[in-house]
Amino acid sequence: MSSLFTTVGKTRNGYDPEEVDDFFEHARDVYEGRVPERLTSTEIQASVFDLVRGGYDTHEVDAALDRLEGAFIARQRAEYVAAHGQQAWMNALAERGKPAYDVDDVDDLCDRLVAYFDRQVPITAAEIRSATFGRARGRDGYAEGPVDAFFARAIEVLLGVE
C-alpha cells in the first residue's frame with residue numbers, strides 16, 4: 001500500500017507507517033460509509049502511533065490528522081443542520097440542568113470571527129483554541145457539543161489561512 005506520507009531518515013524516529021496507514025484506511029472506510037462504525041473528532045485527537053526509526057514524518061501525519069478531524073466535524077455539523085436546520089444548530093440550547101457555555105462569551109468570540117472574515121481584524125487559531133467560556137446551566141446557555149464543533153471548524157479554516 002502506498003502512502004501520502006514521507007518517511008524521515010533511517011536514523012530518526014517517525015510514526016509507525018503500518019499503524020498510520022491502518023488508522024487512515026479505517027477512517028476512510030468510516031467516512032465513506034463502508035463500515036457501520038462512527039469515528040468522533042475526540043477519537044481522532046486521541047490517536048497515538050508508536051515511534052520507529054525511519055517512520056512517517058510526524059508533522060505531516062499530525063497535519064493530516066487535523067484535516068481528518070475537521071472533515072468529521074464538518075460532516076457532523078452538516079448532518080445536524082440537515083436534520084434540524086441551521087438556526088437550530090446556531091441556537092442549540094443545552095438540555096435542562098446540563099452544563100453549557102455562557103451565551104454572551106460564545107457570541108463575543110463569534111463576533112470576533114465575523115469581524116476577522118469581514119474586515120480582516122486579526123485573530124489566530126491559537127486564540128480560538130485557548131478561548132474559555134463562562135459556565136451556564138441548561139437553557140441559559142449554549143450546548144457544548146455544537147459550540148465545540150463550530151469552533152473546531154473555525155480553527156481548521158484559520159489554519160488553512162495562516
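Between the Cα long axis of helix 144-161 and the first principal axis of the chain there is an angle of about 60°, rounded to the nearest 10.
Working ranking of peptides 147-153, 60-66 by packing, defined as the average number of other Cβ atoms within 10 Å per residue, highest first, is 147-153, 60-66.
Ellipticity at 222 nm from helices only: DSSP H runs of n ≥ 4 in the chain, each -39500 (n - 2.57), divided by the residue count, give -18000 deg cm²/dmol.
Counting every Cα pair in the chain, what percent are over 22 Å apart?
Summing the P(r) of the chain above 22 Å gives 54 percent of all pairs.
Among rounded, prolate and oblate, which fits the range 3-93 when a ≥ b ≥ c are the square roots of the eigenvalues of its C-alpha gyration tensor, a/c under 1.5 means rounded, and a/b larger than b/c means prolate? Verdict is prolate for the range 3-93. Seen against the Cα atoms of the chain and their longest principal axis, helix 103-119 is set at about 70 degrees. Using a Gaussian network model of the chain whose springs link C-alpha atoms within less than 10 Å, name the residue from T40, T124, T11 with the highest mean-square fluctuation. In the Gaussian network model the winner is T11.
Here, each number is a calculation from the coordinates, and none is a lab measurement. Computed from a predicted structure; not experimentally measured. Because the Cβ atoms are built from the backbone with ideal geometry, glycine has one as well, and the counts that use them run over all protein chains shown.
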